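The values are calculated or read from the model by the stated rules, or taken from the named source; none is laboratory data. These figures come from a predicted structure and were not determined experimentally. All Cβ positions, glycine included, derive from the backbone under ideal geometry; neighbour counts span all protein chains shown. These accessible areas exclude ligands, DNA and RNA; they are computed on the full protein's heavy atoms, side chains included. Shrake-Rupley method; radii C 1.70, N 1.55, O 1.52, S 1.80 Å.
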Amino acid sequence: MQRPTETEYAPFYAGYVALVPETDILAALDSQVGEIRRLAGSVPAEREGYRYAEGKWSIRQVLGHLVDGERIFGYRAFCISRGEQAALPSFDENEYVAGARSDATPLVELVDELALVRRSNLVVLRRLVPAEWARVGTASGRSVSVRALAWVMAGHPRHHLQVLRERYGVS
């Protein structure tokens, strides 16, 4: 499968798409949960609530945000692949993080949830035919293709894993 072109997604997502050089997006998505599980497994329980600065998310909240993002991007890909013509809503990541209560959930449970949502999304993506991958819909007021959403689904966690390594000292 070819990478999405810049016309298939909003400029906001360009950074996420750029983090995914692979052309086998399904393999990239499939292998990512193992990387996230390894990284999260390196965090001692007493550091799961760590924030690198005042007002920043905790490590648990970052993982909770990844779960939310996976669920939302997967839902968008599902809807658009089925031919949905209605505009799909945006979401305020900070409101979602505040409402998720991830700080009260052990990291291992958040990673398990992420793995389940990703597996569900992969089941849908693996069944798509080329015409469905190419379908374009509207999310957050912008045009986006199903193919671009798959790259965003891989790039979004890569971005946040990089932040966890660089700013939170997670390795």
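Quick notes on this structure:
- Between the C-alpha center of region 115-144 and that of region 1-33 there is a gap of 12 Å.
- A 1.4 Å probe run over the protein chains yields, for region 32-72, 47 Å² of accessible area per residue, whole-number rounding.
- For the peptides 16-29, 54-67, the ranking by packing is 54-67, 16-29, with the highest mean count of neighbouring Cβ atoms within 10 Å listed first.
- Taking θ as phi - 60° and the Karplus parameters 6.51, -1.76 and 1.60, the scalar couplings of region 110-127 work out to 5, 5, 4, 5, 4, 4, 5, 5, 4, 4, 4, 5, 5, 4, 5, 4, 5, 8 Hz in sequence order, x denoting glycine and proline.
- Using the Cβ-Cβ distance between Val123 and Glu46 with R0 set to 30 Å, the FRET efficiency works out to roughly 0.25.
- Solvent-accessible area, 1.4 Å probe, carbon plus sulfur percent, for region 31-171: 49 percent
- Estimated FRET transfer efficiency (Leu116, Arg82; beta-carbon r; R0 22 Å; 0.05): 0.55
- Estimated D of the chain in µm² per second, where Rh is the Kirkwood radius over Cα pairs and Stokes-Einstein applies at 4 °C, 1.567 mPa s: 79 µm²/s
- In region 126-161, trypsin sites (Lys or Arg not before Pro) in a DSSP loop with at most 10 other beta-carbon atoms within 10 Å: Arg127
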